[in-house]
Structure formats: structure tokens, C-alpha cells
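Just so you know, all these numbers are worked out from the coordinates, no wet-lab data involved. Since the structure is predicted, the reported quantities are computational estimates derived from the model, not experimental observations. Note that each Cβ is placed from the backbone with ideal geometry, even for glycine, and that neighbours are counted across all protein chains shown.
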Amino acid sequence: MGADLHVLASLDGNLSVGGHDGAAISRDGGQSWVALESLRGADPMGWAGTPGGLLVGGHPGLYRSTADSTTFTKVSTEGAVSDVHAAGAAGDAAYLASPQTGLMASDDGGRTWQPRNTQVGQGFMGTILVDPATRSG
């Protein structure tokens with residue numbers, strides 16, 4: 001992952017870490033780590049857990065995991081964002097922040113995205129927390 005780490009996330013009992021060179025996951029509380037080869041060079045900056053798997057955003061764009069959360073595929077659907085600085089989710093409601101598009105929202109676990117605010121998120125780098133009680137995308 002290199003010396004510049006962007007994010008540490010705790011999702012579904014696992015720890016995930018991302019940085020300039022890639023990402024890794026720990027299923028034992030950080031005692032051991034497994035590199036996520038499909039995120040090599042993805043520069044992960046934001047992680048979000050949805051019922052359909054994990055969403056990971058970075059400078060090359062948005063990635064979605066398989067059911068085991070160890071293999072990721074770049075999302076290349078219409079409206080895909082190519083630079084994601086933060087992500088968050090609760091259930092199927094997911095959000096991402098991008099310097100290109102601002103704050104985007106999804107109500108289907110990240111399969112489709114709608115702009116929420118084109119100004120917010122453009123300079124944003126950090127974490128998006130979503131309240132499960134008021135999570136509507």
C-alpha cells in the first residue's frame with residue numbers, strides 16, 4: 001500500500017486499508033493482512049458496505065466487490081465517476097464524493113447514481129457516514 005495510507009474501514013467484521021499502491025483486508029482484527037490484487041494501483045480513498053458487496057472509490061474511479069469482498073471490478077456503467085474521494089452507505093443507500101461531480105447518491109446499492117449537490121464534495125476528502133435510520137439515497 002505504500003507509505004501514504006488514505007483510509008482504514010471496519011465493515012462486516014473485517015478491516016480494510018487503502019493507499020496509493022492498493023488495498024488489503026484483515027479478517028482477524030488486524031493480526032494478518034491479505035493484499036487485494038484487483039485494487040492494485042486503485043488508490044482507494046473511500047469504502048462503503050452495501051448488501052450487494054463493497055464499493056471502493058479512488059482516483060481511477062469506483063470499484064465493486066464480489067460476494068467474498070476480495071475481488072473488485074471497476075464500475076464502468078453510464079454515469080460512472082472517474083475520481084472518488086469518499087464513500088459511505090447504509091443498506092442500499094450509498095453516497096460518494098468526487099471533485100468532478102460533487103456529492104452523488106444511490107438508492108440501489110451503487111448500481112445507479114444521481115447528483116445530490118454539485119458543489120459539496122468537490123474539495124471533500126474524508127469519510128461519509130450514513131445514518132441507517134434516515135438513509136434514503
- Beta carbons within 10 angstrom, averaged per residue: use that to sort the peptides 9-22, 88-101, highest first. 88-101, 9-22
- Message: Using each residue's phi in region 108-113, evaluate 6.51 cos²θ - 1.76 cosθ + 1.60 at θ = phi - 60° and report the 3J(HN,Hα) Karplus result to the nearest Hz, with x for Gly and Pro.
- Response: 10, x, x, 6, 10, 10
- Give the order of 26, 69 when sorted by the count of other beta carbons within 10 angstrom, beginning with the fewest. 26, 69
- Task: For region 5-134, just say rounded, prolate or oblate: build the C-alpha gyration tensor, square-root its eigenvalues into a ≥ b ≥ c, call rounded for a/c under 1.5, and beyond that prolate if a/b exceeds b/c, oblate if not.
- Result: prolate
- Separation of region 1-66 and region 89-115 by C-alpha centroid, Å? 18 Å
- Message: Among 27-34, 49-56, how do they line up by average Cβ neighbours within 10 Å per residue, starting with the highest?
- Response: 49-56, 27-34
